[in-house]
Structures are given as structure tokens and as C-alpha cells.
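What follows is one structure encoded as C-alpha cells, with my remarks underneath.
The values are calculated or read from the model by the stated rules, or taken from the named source; none is laboratory data. Values in this document were obtained by computation on a predicted structure and should not be read as measured data. Neighbour counts are summed over all protein chains in view; Cβ atoms, including those assigned to glycine, are modelled from backbone coordinates with ideal geometry.
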Amino acid sequence: MKYFLYARKSTDEQDRQILSIEAQITEAKEYAIKENLAIVQEFIESRTAKVPGRPIFNEMIRLLERSKAEGILSWHPDRGCVVTS
């Protein structure tokens, strides 16, 4: 199956212990290798999720709706890597 990798670090969470975008990508790629998942495209965004209108996320969803991938692989602070299909 083909997956998009989505990494985001909020611009308003400077004081919180959230993995850097680079670390999120590294963990997601390691997880993909371990689980034999194919990453077909990476989407990286530095923007808060509290305000609607994340352009990179929205583009990823449009491509997902066009069946360019079967799911999204992203890093979640409570669970490590998360796959959404």
C-alpha cells in the first residue's frame, strides 16, 4: 500500500516538547520500513492546527481523495507513528 508522510510542528507550541519535523520524518520512515509501508510523498507543514486553512494538509487530502495513496503516516506525540487509511 502507498502512504503519504505528513509532518507538522505548530508555530504556537514553542514551549511544548514536540518532536522536530526532522525527527518526526525519521521516526515515520523507520516505522514504514519496519511495517513494510511505501511512502510515496512527504508533506511538511509548520503551522498551527487550531486555525482552519492548512494549505499543505489540504493538498494532501485532495491527492488522497484522488487515490494517489491509500493512507497517511504521521507522528503522534502519545503513540509514536500512526497510520490512517
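Looking at segment 1-20, which of its residues are modelled with pLDDT of 80 or more and surrounded by fewer than 16 Cβ atoms within 10 Å (Cβ to Cβ)?
Taking segment 1-20 and keeping what is modelled with pLDDT of 80 or more, we get 1-9, 20.
Matches in segment 1-20: Met1, Lys2, Ser20.
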Problem - Single unsatisfied condition, Cys81 versus (1) within 13 Å of the chain's Cα centre (by Cα); (2) modelled with pLDDT of 90 or more - result: (2)
Problem - Residues that are at pLDDT 90 or above and under 18 Å from Ser20 (Cα atoms), drawn from segment 46-56 - result: Ile56
